[in-house]
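> Here it is: the structure, laid out below.
Values quoted throughout were computed directly from the atomic coordinates according to the rules given, and no laboratory measurement underlies them. Computed from a predicted structure; not experimentally measured. Glycine also receives a Cβ, built like all others from the backbone with ideal geometry; neighbour counts cover every protein chain displayed.
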Amino acid sequence: MIRRILTGILILILLSMVTFLLFNALPADPAALTCGKSCNPQVIAANRVRLGLDQPLYMQYVEFVKGIFFGRTYGSGTATFECDAPCLGYSFRKGEQVTPLILKALPVTIWLSLGAFLLWLIPGVLLGIYASRRRGRWQERVTLGSALVGYSFPSFFIGLLLLFFVVIRWQWLPYPSYISPFENPVQFLQTMVLPWLTLALVYMAFYIRLTRNQLLETYSEDYIRTARAKGLKEGVVIRKHALRAGLTPIVTAAGLDLAGLLGGAIITESIFSLPGVGRLAVDAVIDADLAVITATVLLAGTFIITANIVVDLLYAVIDPRVRLA
Amino acid sequence: MSLTVEPGSAEGAALLGNGASSGDFAGLSLRALAWRRLRRDKAAMVAMVFLLLVAFIAIFTPWIVGLMGLDPYSFDQEALDPALGSIPLGPWGGISWDHPLGVEPLTGRDIFARLLYGARVSLFIASTSVLFIVIIGTTVGIVAAYKGGWLDTLIGRLTDLILAFPFLLILIALSPVLTQRLEAIGFSPEWARFGYIIIVFVVFGWPYLARLIRGQVLSLREREFVEAAVATGAPTRRILFKEMLPNLWAPIIVYATISLPTLIAAEAVLSYLGVGIIEPTPSWGKMLSDSVRYFVIIPSYLFIPGTVLFLVVYSFNVFGDAIRDALDPRGSRNN
């Protein structure tokens, strides 16, 4: 297990290096990107020094990592400003430090992801169980058939359809406008219900299929036959025996999908104008805001790597046959 | 059954169809068996015919559109209503004999022609990417499994690293930097976009297949026919690509059919978000994002590209499912 975590940390370090390199070495001139088109060479040169872009690339990376753990000071002489740890950089485009920008966007994405997660995982697994119990009958075909339809709908098409019919044409809901659930829970729910539904519809289909396939594989295992032969009730056989062993791939997928969303539900956030991390990232790309892009990619990658480790830990808890090395 | 020196490649050749005459085997070759199962699946057959039609249209787009007297780039102000802010004249987004699916607001470009050209762009990008993914993924997977040692570890870490990247985010984030670089080395803006999408799809797509193939090769390596080949002193390259590769076609085909719709949808997403295909090249994703502002007056503008995109992705998924079932050696999953 220690080894697993160490590998995770190694990958994380590599990820930060590659990300940093991609977005600081690939663009022709990062400093020129700090101030748009109406920019004179003096300002660019000044920004280059202020952000430390005049230093060799590896020094820039060291400074960047140091900033994350200990904070850093930008500029020199009188015109300096502090960036406290965890400092993810400074966005000239927004005239703000990146860390507070992300902290402001993160709760939106977390609410969106968690809500959608519950909304797809529970019905998805239940429908998967249902389909596996009705094997070869029309109920299975209908469930799997509609799952494949849902699976094939591009998420932005579902989102647009929901937005246009529910909000614009039928006007059942007001136009989405994000607000914290602690400030105005009703408006929060009215805003979130369609984004949740969009994500849930897209992801649920996959879980129906996965659960059904997993269960069908485990049903043919000897210990299931034993459990049935013991005279256990079918519900107990499914819940305590089949599902438990068939659960590992579902947990993996769920963990990774949740982590992927936490790094920014880009499409859904764009369609419903939710000010989350995904939206922040897309805006940063359109503005060529390298500091924000680097930080969001790094954040999303960290979520994925962490989820991988957590999922591995969960395996041992769920499946008694797995022992951690 | 007589002793064949290379049962591995006989099996594989049977699957590929150029050596199905391996008369020593009773019954059907795996390929014939798979085809028979596939043919019995009506939904899969409908999907296949539809996809072949789409592929045909994509290949011959310029001729088809030309024969109909249409053009995806030319503006048609006469189809628009200047009094109403240049929205299409007539019902359903200006559907008429001149414009079978209506015209774009503001420009009057023909939607049918743009839809067909969009198919061409979409399928070109997706299939080129899949081709490279298959070549790279298979080669790397085979080499990693067969060579083992430090090379395997290195490739393993590399795939770990690439899989740790948030795919969609990196796709979007790399768009400006990479297209700039490609334009700097002489690509036209249009081809720089194609190039960047394909590069990113391939770079972040091959590790999944490489992992899959590596696992398959590791188990194949223990099989007798490989041992026999080693014992007869066959060179490594022959063992890898003549003995192993033919046995890997089934997972590769399945992976490719699953990848295609994913990449078609991904390209649409990129173009929808404004970082994929750009004007004036037609793209389904861009049509969808353009249609958003006109939904209330011209809903057909949203539904046409959306429905086509859905149908193509759906058909690929139906067909992919059927192929997976048909190639499954355990056989009777769905019949």
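> Order the peptides B:176-185, A:216-225, A:198-207 from the highest to the lowest mean number of other Cβ atoms within 10 Å of their residues.
Details: B:176-185: 17.1, A:216-225: 13.8, A:198-207: 23.2.
Those peptides, ordered most packed to least, come out A:198-207, B:176-185, A:216-225.
> State whether the range B:114-262 is rounded, prolate or oblate according to the following rule on the C-alpha gyration tensor (a ≥ b ≥ c being the square roots of its eigenvalues): a/c under 1.5 gives rounded; otherwise a/b larger than b/c gives prolate, and the remaining case gives oblate.
Working: a/c = 2.57, a/b = 1.99, b/c = 1.30.
Cα axes put the range B:114-262 in the prolate bin.
> Still on this model: Find the relative contact order for the range A:159-210 and round it to a whole percent, using C-alpha pairs within less than 8 Å whose residues are 6+ positions apart. Walk me through the numbers before you get to the answer.
Values: 32 pairs, mean separation 15.1, N = 52.
Relative CO of the range A:159-210 lands at 29 percent.
> For the modelled label position 7 Å from the Cα of B:ILE199 along Cα-to-Cβ, which residues of the range B:145-185 have backbone nitrogen atoms closer than 16 Å?
Only B:170-185 fall inside the zone, counting backbone N under 16 Å.
> If a/c stays under 1.5 just call it rounded; otherwise compare a/b with b/c (prolate if a/b is bigger, oblate if not). Do that for the protein assembly as shown, with a ≥ b ≥ c from the square roots of the Cα gyration tensor eigenvalues. Numbers along the way, then the final one.
Working: a/c = 1.44, a/b = 1.22, b/c = 1.18.
Rounded, because the longest to shortest axis ratio a/c is under 1.5.
> Another question, then. Which order do B:THR139, A:THR226 fall in if you start with the one that has the fewest other Cβ atoms within 10 Å?
Numbers: B:THR139 16, A:THR226 12.
Sorted ascending by nearby Cβ count, the order is A:THR226, B:THR139.
> What helices does chain A hold that run 18 Å or longer along their axis, going by alpha-carbon atoms, with a Kyte-Doolittle average of -0.5 or more, using DSSP H for the helix calls? Walk me through the intermediate numbers first.
Details: long enough: A:2-25 (34 Å, 1.98); A:57-70 (19 Å, 0.94); A:98-133 (50 Å, 1.56); A:138-152 (21 Å, 0.07); A:185-219 (45 Å, 0.66); A:243-262 (27 Å, 1.33); A:290-318 (41 Å, 2.17).
What comes out of the filter, once short or polar helices are dropped, is A:2-25, A:57-70, A:98-133, A:138-152, A:185-219, A:243-262, A:290-318.
> Mind listing the phi-derived Karplus ³J(HN,Hα) values for the range B:196-205, rounded to whole Hz, using 6.51, -1.76 and 1.60 with θ = phi - 60°, and x for any glycine or proline?
5, 5, 5, 4, 5, 4, 6, 4, 9, x
> With +1 on each Lys and Arg Cβ and -1 on each Asp and Glu Cβ, how big is the dipole of the protein assembly as shown about its Cα centre, in debye rounded to the nearest 20? Could the numbers behind the result be given before it?
Numbers: 53 positive and 44 negative charges, 471 e Å.
The dipole magnitude comes to about 2260 debye.
> Another one. Please list 3J(HN,Hα) in residue order for the range B:101-108, calculated via the Karplus relation 6.51 cos²θ - 1.76 cosθ + 1.60 where θ = phi - 60°; whole Hz, with x for glycine and proline.
10, x, 10, 6, x, 6, 9, x
> Right, something else. Set the Förster radius R0 to 41 Å, insert the Cβ-Cβ distance between A:SER273 and B:VAL46 as r into 1/(1 + (r/R0)^6), and round the FRET efficiency to 0.05.
Details: r = 39 Å, r/R0 = 0.95.
The pair A:SER273/B:VAL46 has a calculated efficiency of 0.60.
> Partner chain Cβ atoms within 10 Å, averaged over the residues of B:267-277 - can you pull that number for me?
Details: counts 0, 3, 7, 0, 0, 7, 7, 4, 3, 0, 0.
Counting Cβ atoms of other protein chains within 10 Å of each residue's Cβ and averaging gives 3.
> Tell me, what is the percent relative contact order of the range B:155-217, built from C-alpha pairs under 8 Å that lie six or more residues apart? Each step should come with its number before you reach the end.
Details: 26 pairs, mean separation 26.3, N = 63.
With pairs under 8 Å counted, the relative contact order is 42 percent.
> How many partner chain Cβ atoms sit within 10 Å of a residue's Cβ in peptide B:233-239, on average, as a whole number?
Numbers: counts 0, 0, 0, 0, 0, 0, 0.
The shielding value for this peptide is 0.
> Please state the relative contact order of the range A:98-323 as a whole percent: Cα pairs under 8 Å, 6+ residues apart?
Values: 270 pairs, mean separation 62.1, N = 226.
Contact order relative to length: 27 percent.
> Counting only other chains, and only Cβ atoms inside 10 Å, what mean value do you get across the residues of A:149-162? Present the calculation step by step, with values, prior to reporting the outcome.
Working: counts 4, 0, 5, 12, 6, 14, 2, 11, 15, 2, 0, 8, 4, 0.
Per residue, the number of nearby Cβ atoms from other chains is 6 on average.
> Just name one of A:LEU22, A:VAL317, A:ILE293: the one whose Cα is farthest towards the positive end of the charge dipole of chain A (beta-carbon charges, Lys/Arg +1, Asp/Glu -1).
A:VAL317
> Return the distance in nm (one decimal) between the two label points of a simple spin-label model at B:ARG293 and A:TRP138, each offset 7 Å from Cα along Cα→Cβ.
Label at B:ARG293, label at A:TRP138, 4.8 nm between them.
> With θ taken as phi - 60° and the coefficients 6.51, -1.76 and 1.60, list the Karplus ³J(HN,Hα) couplings across the range B:287-297 in order, rounded to whole Hz; mark glycine and proline as x.
Values, residue by residue: 4, 4, 6, 5, 6, 3, 5, 9, 4, 5, 8 Hz.
> Give me A:LYS94, A:LYS233 sorted ascending by neighbouring Cβ count inside 10 Å, so fewest comes first.
Values: A:LYS94 16, A:LYS233 11.
Ordered from fewest to most neighbouring Cβ atoms within 10 Å, A:LYS94, A:LYS233 come out as A:LYS233, A:LYS94.
> Separate question: Sorting A:MET17, B:MET287, A:MET192, A:MET1 on the 10 Å Cβ count, fewest up front, what's the list?
In order of increasing Cβ crowding within 10 Å: A:MET1, A:MET17, A:MET192, B:MET287.
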